[in-house]
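*Asks:* Before I ask anything, let me first share the structure, which is written out below as structure tokens.
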Amino acid sequence: MTDPVNHTILLLDIEQFGRRDDVEQAFMRRMLYSVLHETLRSAGVEPAEQRLEDRGDSVMALISPTVPKPRLLHALINETPTLLHANNRLSAASARVRLRIVLASGEVAVQELGGALGGAVGWDLNQAFRLLDSTPLRDALRHRDGPCVLGVSDALYQGIVRHGHGGLLPEAFHRVTVQGKEGDFPAWLHGEPAPTPVGAPSATPAAAAPIAQPAPAPAAAPVPQGAPAPAAAPVPQGAPQPQGAPATFQFLGGTPTFGGNLIGGDQHVVSGGEVHGDVNTGNTVGGDR
């Protein structure tokens, strides 16, 4: 195995590749390599400055650190979408290619194994593949109309993008968190963030409040046998008589009788007026009335 050497790591993966049949997959792989070669050519990457490894529905390119990374970023942001759009226009809908793309950098060692392709190993390489397969990158492509989405490692963002090298716009990237097997780590995606899902309101209705029942009327206190009935509250003179209340009279002096019966003494019951002298109701008696 060779000693680790710093490389720029470029990964491209076809969206929903496994849902296509064999003929469509073969066509899409040819398009993938055509777009990759044209992108590297536009960035000025010579064949001797690149090492390609096929991964089925994806491809890995290890690029010499002597190639300026701003040139690669500009090619991925501007050239790659244009190339994909031009190829997809001539393709059947079922064979159109949409790509997740990752650009990172780090130490990579290469171990050639007899009779086998590949052999690149390294921590930074593993993290780049974690980003390629991450939920934030997949969601970003799913919610976009364009043919690709680009993610970059935090080291590449902090060293290149954040400073605006080559006219890059740092504000065109947004930070995401990638959940990797070895722990979470930050990365940066180019373009607008995917919409945040809105939490559904709770489907459990609130418990209905109990209906208030009218309080029962307090029971009247028992009246002892032989005790006089309680007197009604006095009604002010001239006030209207309550509905259904018994008629009241006030007698000042004299000897009133009702139905021929004599009621002795002054009687004080009022019905809006005063009567002076003897009063007889039912029998004729002398005197004023």
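Quick note: the coordinates plus some simple rules give every number you see, no bench work behind them. Bear in mind that the values here come from a model prediction, so they are computed numbers and not experimental data. Counting neighbours? That spans all protein chains shown, and the Cβs are built from the backbone with ideal geometry, glycine included.
*Asks:* Could you order the peptides 175-183, 66-74 from most to least packed, using the average number of other C-beta atoms within 10 Å per residue?
*Replies:* Result, highest mean first: 66-74, 175-183.
*Asks:* Something else now. May I ask you to compute the full-extension gain from VAL23 to THR177, defined as 0.36 nm times their residue separation minus their alpha-carbon distance, rounded to one decimal in nm?
*Replies:* 51.8 nm
*Asks:* Sequence-distant or interchain residues sharing an amide H contact under 5 Å with GLY180, placed H: which?
*Replies:* Here the answer is PHE185, since their amide H atoms fall under 5 Å of that of GLY180.
*Asks:* Taking the highest mean first, how do the peptides 137-144, 118-125, 8-15 order by number of other beta carbon atoms within 10 angstrom per residue?
*Replies:* Listed from highest to lowest mean packing, they are 8-15, 137-144, 118-125.
*Asks:* Between ARG55 and residues 5 or more places away or on another chain, which pairs have amide H atoms under 5 Å apart, with H built 1.01 Å from N, and which residues are they?
*Replies:* Excluding prolines and chain starts, which carry no amide H, the hits are MET60.
*Asks:* OK, next. Full extension from SER34 to HIS85: what is 0.36 nm times the residue separation minus their Cα-Cα distance, to one decimal in nm?
*Replies:* Stretched out fully, the SER34 to HIS85 stretch lengthens by 17.1 nm.
*Asks:* Once Rh is set to the Kirkwood radius over Cα pairs, what Stokes-Einstein translational diffusion coefficient, in µm²/s, holds for segment 1-153 at a temperature of 37 °C and a viscosity of 0.692 mPa s?
*Replies:* Translational diffusion coefficient: 207 µm²/s.
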